[in-house]
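Structure, as structure tokens:
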Amino acid sequence: MGMTMTQKILAAHAGLSAVSAGDLIEAKLDIVLGNDVTTPVAVKVFDEAGFTRVFDKDKIAIVLDHYTPCKDIKSAELCATARAFAKRFDITHFYDVGAVGIEHALLPEKGIVGPGDCIIGADSHTCTYGALGAFSTGVGSTDMAAGMATGENWFKVPSAIKVVLKGSLQPYVSGKDVILHLIGMIGVDGALYRSLEFTGEGVAALSMDDRFTIANMAIEAGAKNGIFPVDEKTLDYIKNRFKREARIFEADPDASYEREVEIDLCSLKPTVSLPHLPSNTKTVDEVKGLAINQVVIGSCTNGRIDDMRIAASILKGRRVADGIRCIVIPATEEVYLQCIREGLAEIFITAGAAVSTPTCGPCLGGHMGVMSAGERAVATTNRNFVGRMGHTKSEVILASPAVAAASAVMGAVASPLDLEEV
């Protein structure tokens, strides 16, 4: 029986000729990732276990992105712990205020991760790097500690769901709409501990930023990982970024899949997820006019330059509606600089938005956009659980940057096409 992309990567890193779904394997790691929330816990475990060295200082990444610049004493103490650990072991890929970015946008941008890699991160959205044809998955801080010390991790080889993409996206429809549509189809546990493997001629029509967004939210369907095939767009993206050898794996023609799902990209419409689950999806046409108080454009899901450009194209020459707080957060310092160079930052500010330094901030109710009881936000983030962005009686609607920007202007859930009718 043939293997899927994920199974081939895991087999290669385990030194095995083949693996099957359900096998328990020990695989070598290319990158171990932590952030300012999860690294301090891993450091405690690392020290208590008596570890005195890391397996490879060049294969560990620590990114202080969740509560930075530090919002309070507790977050400052967490960051201090992470900084001390990075200094103790001379960690190469350590990113702090002024040179930071949201981890899952930063690592691909810096060329730290690439095709064929096996990556673990103490953050659930580590699955983002599947956009590059890598196996990447979120783990707990204990696994992060073990990974930093040994360079290896145990895995149960996942079975797979094949997602066949056909056609191409219509204007104002993006990767965010694709993944929200898919989660709406299969549910938040529809891919539980499975690999979501995207294929079909429609893949070529997706930008890399679309793919990052889709892979990022694979976890919201319960998936162990999401993964895309490596094509010319992938290779063009990593050119002059990724310094290690790209290892390209392809699924075998006779690979086994538990299920096959087909999505016609041409038929998709701007889509949102209503509170309090990512699977609670509706097209914007079905819910437009729903009142909101806040809009957040950014996060590891949708804070890349394509996201900034589409939001700016909608906000240009327009104003954020009275009573609406619009917060724009470029995902990395480089994206921030691009926004300045291209005049996007000026468009955001002129439109009445607040532009922040890169941070996860509002996505997890940390800072830079925490909501009070009774408030509702449209956000380009990845989760809309109860209390996710603040008070347990606040609400989050997940959407694409295009829908978020249009909603900011209209003061209610809206499609960019609605602006053309005004």
- When you scan region 381-395, how many residues do you find that are touching a helix residue (DSSP H, G or I) at 6+ places or on another chain (Cβ under 9 Å) and open to solvent by less than 20 Å² (accessible area, probe 1.4 Å)? 3
- Filter region 164-199 down to residues that are open to solvent by 30 Å² or more (accessible area, probe 1.4 Å), at positive phi and in contact with a helix residue (DSSP H, G or I) (Cβ under 9 Å, 6 or more places away or on another chain), then give me how many there are. 1
- Among the residues of region 166-183, is there at least one that is among the acidic types (Asp, Glu) and under 22 Å from the mean Cα position of the chain (by Cα)? yes
- Task: Run Ser299 past the list (1) hydroxyl-bearing (Ser, Thr, Tyr); (2) over 26 Å from Val188 (Cβ atoms); (3) buried (at least 22 other Cβ atoms within 10 Å of the Cβ) and report the number of the one that doesn't hold.
- Result: (2)
- Item | Test for Ala149: is it in contact (Cβ under 8 Å) with a residue 60 or more places away in the chain, part of a helix (DSSP H, G or I) and out of contact with any Gly (no Cβ under 9 Å at 6 or more places or on another chain) | yes
- Message: I'd like to verify a number: residues in region 218-263 that are in a helix (DSSP H, G or I) and of a type in the set (Ser, Thr, Tyr), how many?
- Response: 2
- In region 80-87, is there at least one residue being open to solvent by less than 10 Å² (accessible area, probe 1.4 Å), more than 23 Å from Val43 (Cα to Cα) and not in a loop (DSSP other than H, G, I, E, B)? no
- Message: Out of Lys74, Lys59, Lys110, I need the residue that is over 22 Å from the mean Cα position of the chain (by Cα) and surrounded by fewer than 24 Cβ atoms within 10 Å (Cβ to Cβ). Which one?
- Response: Lys74
- Query: So which residues in region 23-40 are among the β-branched types (Val, Ile, Thr) and more than 22 Å from the chain's Cα centre (by Cα)?
  - Reply: Ile25
- When Pro69 is evaluated against the numbered criteria (1) open to solvent by 60 Å² or more (accessible area, probe 1.4 Å); (2) touching a residue at least 60 places away in the same chain (Cβ under 8 Å); (3) in contact with a Phe, Trp or Tyr (Cβ under 8 Å, 6 or more places away or on another chain); (4) of a type outside the set (Ser, Thr, Tyr), which criterion, by number, is the only one it fails? (3)
- Query: Does Gly289 meet the test of being open to solvent by 10 Å² or more (accessible area, probe 1.4 Å), farther than 16 Å from Leu417 by Cβ and out of contact with any Lys or Arg (no Cβ under 7 Å at 6 or more places or on another chain)?
  - Reply: no
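The values are calculated or read from the model by the stated rules, or taken from the named source; none is laboratory data. Just so it is clear, the structure is predicted and the values come from calculations on it, not from any experiment. Because the Cβ atoms are built from the backbone with ideal geometry, glycine has one as well, and the counts that use them run over all protein chains shown. The protein model used for the area step is the full one, side chains on, heavy atoms only, and it has no ligands, DNA or RNA in it. Shrake-Rupley method; radii C 1.70, N 1.55, O 1.52, S 1.80 Å.
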